[in-house]
Amino acid sequence: MSQLDQFESAFRAAAKTVFAHEQVVIRSGQVITDLSDYEARLFGDRARAFLSVLGAGVGWRDVHGEACASVGDLLELVETARPDLVCTYRHLHSGAWRWPYGLGEHLDVLTQITTTPVLILPRPDDEAALARLADTDVVMAMTS
């Protein structure tokens, strides 16, 4: 490899856009679950209560059960509704949630295909984790 290639590689590695804080306004949200009507409503209410800091002007839509059983259905729902934020949990429509690995195929595809931000909340069957959805002062954010 020539020195010119090494210089170009180092130069490109250093040429990154500088972070600039920008206020984000959320006007619409979608809560997506694989639960029955009643359980989905409870989870949606918890998600909305957690996100109450966004203000009362957010229009929420709940999607649950078989409405998004396939990854294709999920992508179509999100792309059609175009929400500003999607709220769901790992291993949607999967029994693999018992193991602490991965997000599940629905979320893997959703987070890589769509440009809509996805908030991943604790699973509704994890009461201990859901109880901690208050006064959260430590979060993890991932982006490309």
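The values are calculated or read from the model by the stated rules, or taken from the named source; none is laboratory data. Keep in mind that what you see is a predicted model, and the values were worked out from it rather than measured. Glycine also receives a Cβ, built like all others from the backbone with ideal geometry; neighbour counts cover every protein chain displayed.
Overview of values
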read-out: Subset of segment 45-77 [closer than 15 Å to Ile26 by Cβ and in contact with a Leu (Cβ under 7 Å, 6 or more places away or on another chain)]; value: Ala47, Phe50
read-out: Conditions (1) touching a strand residue (DSSP E or B) at 6+ places or on another chain (Cβ under 6 Å); (2) under 19 Å from Asp34 (Cα atoms); (3) at pLDDT 85 or above; number of the one not met by Thr116; value: (2)
read-out: The lone exception for His93 - which of (1) under 20 Å from Ala141 (Cα atoms); (2) assigned to a loop (DSSP other than H, G, I, E, B) it fails; value: (1)
read-out: Candidate set: segment 51-77, residues that are of a type in the set (Val, Ile, Thr) and not in a loop (DSSP other than H, G, I, E, B); chosen: the one farthest from the chain's Cα centre (by Cα); value: Val53
read-out: Looking only at segment 78-126, and only at residues there that are within 11 Å of the chain's Cα centre (by Cα) and of a type in the set (S, T, N, Q), the one that is surrounded by the most Cβ atoms within 10 Å (Cβ to Cβ); value: Thr88
read-out: When residues of segment 35-77 are limited to those that are hydroxyl-bearing (Ser, Thr, Tyr) and under 21 Å from His91 (Cβ atoms), the one surrounded by the fewest Cβ atoms within 10 Å (Cβ to Cβ); value: Tyr38
read-out: Flag for Gly29 being more than 17 Å from Leu119 (Cβ to Cβ) and under 22 Å from the mean Cα position of the chain (by Cα); value: no
